[in-house]
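Coordinate-derived values only; no laboratory data. Everything numeric here is computed off the predicted structure, so don't read it as measured data. For neighbour counting, all protein chains shown are included, and Cβ atoms are generated from backbone atoms with ideal geometry for every residue, glycine included.
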Amino acid sequence: MEIYDSEEEQVAAIKRWWKENGTSMIVGLIVGGLIIGGWKLWQSNAQDKANQASALYGQLLQSVNAENTESTQKISERIIAQYGSTAYASYAALILAKIKVQQGDLDAAISILKKQMHEADSAELKNISRIRLIKLMQAKGENEMGLQLIAEADQSSAQGFAATYDELKGDLYVALDRLGEARTAYESALRAGQQSPLLQFKLDDITSAEIIENKNDEG
């Protein structure tokens, strides 16, 4: 820092600095103010949007509980259209996909679930969408496609769903009459702590089928 010999030199130095930097400082303050103001406005608008989506989602749950399919579908579609960037839209999409299944429109349900599988608000919702999609593939007899969807799941974000995927894999292998691979998948699901009440039954059923098959081969 310079040391000035007199007050006049200090004043002159300040004037020179202001002449050189004053305009850029004013511009900086204005820009900074606009940025801060814009950020606060964005936060306020985002909060308002979230509140509106939350209120509408509350109506959706009431409609679901009342088993009003028509209202549930309309509210779900509205949430998806108007609040697509919120988590509420992902939940609404899952509800809408279920309605489409109930209506027998599997193609529409599949389209919704495929979109959510990639674009849902969280890894959990993406995995739930994938699992439901796999079940629809199985219902349509597209078992190989179901196995492919399991293989393509992101392992780093699917750890909490590993047992569910293993059980689904077993179901798909059974449908393809690949009992040995089905047994391996079911056993893996058991080791992972899958609590499905039918899982042990499925495994026992495969064992019985394999015993009968071996006897037939021996005969």
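From the phi angles alone, apply the Karplus equation (6.51, -1.76, 1.60; θ = phi - 60°) to segment 111-128 and give each ³J(HN,Hα) in whole Hz, x where the residue is Gly or Pro.
Taking θ as phi minus 60°, the curve returns 4, 5, 5, 4, 5, 5, 4, 9, 10, 4, 5, 9, 4, 4, 5, 5, 5, 4 Hz for segment 111-128.
With a sphere of radius 13 Å drawn around the Cβ of Thr69, what net charge do the other residues whose Cβ falls strictly inside it have (Lys, Arg +1; Asp, Glu -1)?
Taking every Cβ under 13 Å from that of Thr69, the sum is -1.
Mind listing the phi-derived Karplus ³J(HN,Hα) values for segment 48-59, rounded to whole Hz, using 6.51, -1.76 and 1.60 with θ = phi - 60°, and x for any glycine or proline?
Per residue, the Karplus-derived 3J(HN,Hα) values read 4, 5, 5, 5, 5, 5, 5, 5, 5, 5, x, 5 Hz.
Sticking with the crude label model, points 7 Å out along Cα→Cβ, report the distance from Leu106 to Ala139 in nm, one decimal please.
0.8 nm
Just how large is the dipole of segment 61-146 about the Cα centre, in debye to the nearest 20, putting +1 at every Lys and Arg Cβ and -1 at every Asp and Glu Cβ?
Approximately 80 debye in magnitude.
What are the semi-axes of the equivalent ellipsoid of segment 61-146, taken as the square roots of 5 times the eigenvalues of the Cα gyration tensor, listed largest first and rounded to whole Å?
21, 16, 9
Based on the alpha-carbon gyration tensor of segment 100-219 and its eigenvalue square roots a ≥ b ≥ c, which shape applies: rounded if a/c is under 1.5, prolate if not and a/b is larger than b/c, or oblate?
Note, shape of segment 100-219 comes out prolate.
Could you tally the net charge around Ser129, taking each other residue with its Cβ under 15 Å from the Cβ of Ser129, Lys/Arg +1 and Asp/Glu -1?
+3
Checking the table Lys74/Lys135; Lys98/Lys140; Lys100/Lys202 against a 19 Å threshold on Cα-Cα, which pairs fail?
Lys74/Lys135; Lys100/Lys202
For every other residue with a beta carbon closer than 12 angstrom to the beta carbon of Leu94, add +1 if it is Lys or Arg and -1 if Asp or Glu, then tell me the sum.
My count for the surroundings of Leu94 gives +4.
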